[in-house]
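Visitor: Here's a structure for you.
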Amino acid sequence: MSHRQPDRTEIAARLAAAVGRINRRARTDSAALGYGLVSALATIQAEGPLRPGDLSRIEVVTKPTMTRILTELEQRGFIEREADPRDGRAFMVSATPAGIAAVERARSDRTGIVAGLIADLPDDDVDSIAAALAALERIGQGERSQEAHTSGR
C-alpha cells in the first residue's frame, strides 16, 4: 500500500479555519485592546524602539493603518515617541511601563481563554497540538522551511 502525500491545500484551509475560530473565541471583552493594537504593542516591546515604517513591515500592515494604531496606543499612554538618532526628521516608538503591562494583561487573558479551550481535550490531542507548535511558530514568523529555522535567522 503506497503512502499518499497529504493534501496541503486542504490542510491549509482547515488550519486557517481553525485558527480563525480559535482567535474569535480567544478575544476578550470589547473594552480590551484589539488584536492589532496588542500585536503592534508586543512587537514594539520586543523589538523597540522602532520606526513606524519598520513596525508596519513587521506587522504586515499599511503605513496609514500603522499610523492609526500608533495614534491610539499613544493616546492610551502605551507608547512614547522619541527622535530617531540617525535621522532628526524621523521618530521612533517605544513601549511605556503602562504599555508593557497592557501586553502582559492581554497575553494572560488570551492564554487563560485558550487554556480553557484545550482543558478537556484528550492528552493525545494536546500532545498533537504541542508537536505542531514549532512548525506553527515558524509559519507565524514568516519562515518557510526547517532550513530557515536552523540557519540562525
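The values are calculated or read from the model by the stated rules, or taken from the named source; none is laboratory data. Being a predicted model, the structure only gives us computed values, none of them experimental. Note that each Cβ is placed from the backbone with ideal geometry, even for glycine, and that neighbours are counted across all protein chains shown.
Visitor: Could you tell me whether any residue of the stretch 110-131 is within 22 Å of GLY48 (Cβ to Cβ), within 15 Å of the chain's Cα centre (by Cα), at pLDDT below 90 and not polar (S, T, N, Q)?
Guide: Here is the first cut: in the stretch 110-131, the ones within 22 Å of GLY48 (Cβ to Cβ) are 110.
The next check asks that each one be within 15 Å of the chain's Cα centre (by Cα); those that pass are 110.
Okay, now just the ones that are also at pLDDT below 90, so 110.
From what is left, the residues that are not polar (S, T, N, Q) are 110.
Scanning the stretch 110-131, I find at least one residue that is within 22 Å of GLY48 (Cβ to Cβ), within 15 Å of the chain's Cα centre (by Cα), at pLDDT below 90 and not polar (S, T, N, Q), so the answer is yes.
Per-residue answers, yes or no, for (1) buried (at least 18 other Cβ atoms within 10 Å of the Cβ); (2) under 28 Å from ILE139 (Cα atoms); (3) modelled with pLDDT of 95 or more:
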position: GLY34; (1), (2), (3): no, yes, no
position: VAL38; (1), (2), (3): yes, yes, no
position: VAL60; (1), (2), (3): no, yes, no
position: THR71; (1), (2), (3): no, no, yes
position: GLU74; (1), (2), (3): no, no, yes
position: GLY88; (1), (2), (3): no, no, no
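Visitor: For the structure I just gave you, tell me whether ARG14 is part of a helix (DSSP H, G or I) and at pLDDT below 90. Can you show your working first?
Guide: On the way: part of a helix (DSSP H, G or I): yes; at pLDDT below 90: no.
Here the answer is no, as ARG14 does not meet what is asked.
Visitor: Name the pairs whose Cβ atoms lie under 8 Å apart, with the first residue in the stretch 72-96 and aromatic (Phe, Trp, Tyr), the second assigned to a strand (DSSP E or B) and surrounded by fewer than 15 Cβ atoms within 10 Å (Cβ to Cβ), and 6 or more positions between them or separate chains?
Guide: PHE91/ARG81; PHE91/GLU82; PHE91/ALA83; PHE91/ASP84
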